[in-house]
1. Considering all alpha-carbon pairs of the stretch 16-155, what whole percent are spaced by more than 21 angstrom?
2. Going through the cross-link list Lys33/Lys178; Lys28/Lys214; Lys94/Lys152, which pairs have a Cα-Cα distance over 32 Å in this structure?
3. As a test, work out the antiparallel percent of DSSP beta bridges whose residues both lie in the chain, rounded to the nearest 5.
4. Could you tell me the relative contact order of the chain? Use alpha-carbon pairs under 8 Å, at least six residues apart, and round to a whole percent.
5. At a Cα cut-off below 12 Å, give the aspartates and glutamates reachable from Lys96, other chains included and same-chain residues fewer than 8 away excluded.
6. What lysines sit close enough to Lys212 to cross-link, taking a C-alpha to C-alpha distance under 24 Å and skipping anything fewer than 8 places away on the same chain?
7. With no solvent and one point on each alpha carbon, what is the Debye value of log10 I(q)/I(0) for the stretch 114-215 at q = 0.10, 0.21, 0.22 Å⁻¹?
8. Listed highest first by mean packing, meaning other Cβ atoms within 10 Å per residue, what order do 11-18, 197-204 come in?
Amino acid sequence: MARAKRHYIPEQIWHLTHRCHKRDFLLKLVKDKRRWLQWLFEAKQRYGLVILNFAVTSNHIHLLVYDEKGRDVIPSSIKLVAGRTGQEYNLRKKRKGAFWEDRYHATAIESEEHLFKCLTYIDLNMVRNGVVSHPSEWSFCGYNEIQNPRKKNGLIAYKKLAELTGFISYTAFRETHKELVNEYLTNGNNFRQDQWTESVAVGSKDFIETIKEKLGILAKGRKILEKDGGFQLREEMRIYIANSDSDNGNTGSINTYYWDVNL
């Protein structure tokens with residue numbers, strides 16, 4: 001099968017999602033979630049991956065990153081993390097075959113307001129799925145590290161996260177982050193929003209137009225749509241189940257901008 005070509009857009013924030021093969025629960029054990037995070041730390045050390053947030057579930061992952069190190073950093077990092085996690089699992093289980101879906105999905109996110117919303121959306125993943133009542137109860141997402149930065153072996157790029165969300169200090173960012181998460185939980189705003197996982201880009205109209213122009217032929221047939229106080233680049237939306245609280249629904253490939261894991 002021919003590999004999909006990726007279009008490099010420098011200095012861009014990306015929300016990446018990668019699902020286990022056939023949506024199987026291959027990450028259901030604590031040890032496998034931990035190994036994914038350990039390899040993510042190795043990718044940070046080895047390639048300089050700039051990590052803004054993350055969440056590991058039983059059958060997929062979310063990873064929010066900023067591209068400032070060059071065109072090979074993100075694909076090389078995902079290849080390392082996904083490859084080693086899958087290899088170790090298969091070896092331990094005496095299993096053969098693919099661990100992950102062939103390609104991961106990438107959504108370009110505009111900085112500041114839209115980044116903050118995407119960040120919070122990732123934090124609340126396991127709350128939406130009914131596993132925990134607050135993201136602080138889920139050890140495999142970035143919420144606790146964002147709220148309590150580590151002096152050693154941290155994954156999150158704290159200063160860069162505050163800068164990209166428009167805050168002068170990390171303390172101010174952290175307080176607002178905590179308030180926004182609690183506000184979403186209190187007001188019942190924690191529902192699935194497919195633009196974060198199915199769009200090519202999310203942000204202001206000017207941002208979306210710029211991304212569409214930079215993508216060139218890869219954006220052919222995709223339209224700029226307005227929804228939930230922002231704009232997104234994707235095909236016309238089909239029927240959307242408003243009360244769906246899971247991120248495990250079908251992701252239409254028609255709205256997908258893929259990066260090949262093997263690049």
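1. Of all Cα-Cα distances in the stretch 16-155, 41 percent exceed 21 Å.
2. Details: Lys33/Lys178 24 Å; Lys28/Lys214 38 Å; Lys94/Lys152 35 Å.
From Lys33/Lys178; Lys28/Lys214; Lys94/Lys152, over 32 Å: Lys28/Lys214; Lys94/Lys152.
3. Close to 90 percent.
4. 24 percent
5. Partners found: Glu88.
6. Reachable lysines: Lys5, Lys69, Lys117, Lys220, Lys223, Lys227.
7. Debye curve over Cα of the stretch 114-215, log10 I(q)/I(0) at q = 0.10, 0.21, 0.22 Å⁻¹: -0.32, -1.18, -1.24.
8. 197-204, 11-18
The values are calculated or read from the model by the stated rules, or taken from the named source; none is laboratory data. Everything numeric here is computed off the predicted structure, so don't read it as measured data. Virtual Cβ from ideal backbone geometry, glycine too; neighbours counted across all protein chains shown. Calculation scope for accessible area: heavy atoms of the full protein, side chains included, ligands and nucleic acids excluded. Shrake-Rupley method; radii C 1.70, N 1.55, O 1.52, S 1.80 Å.
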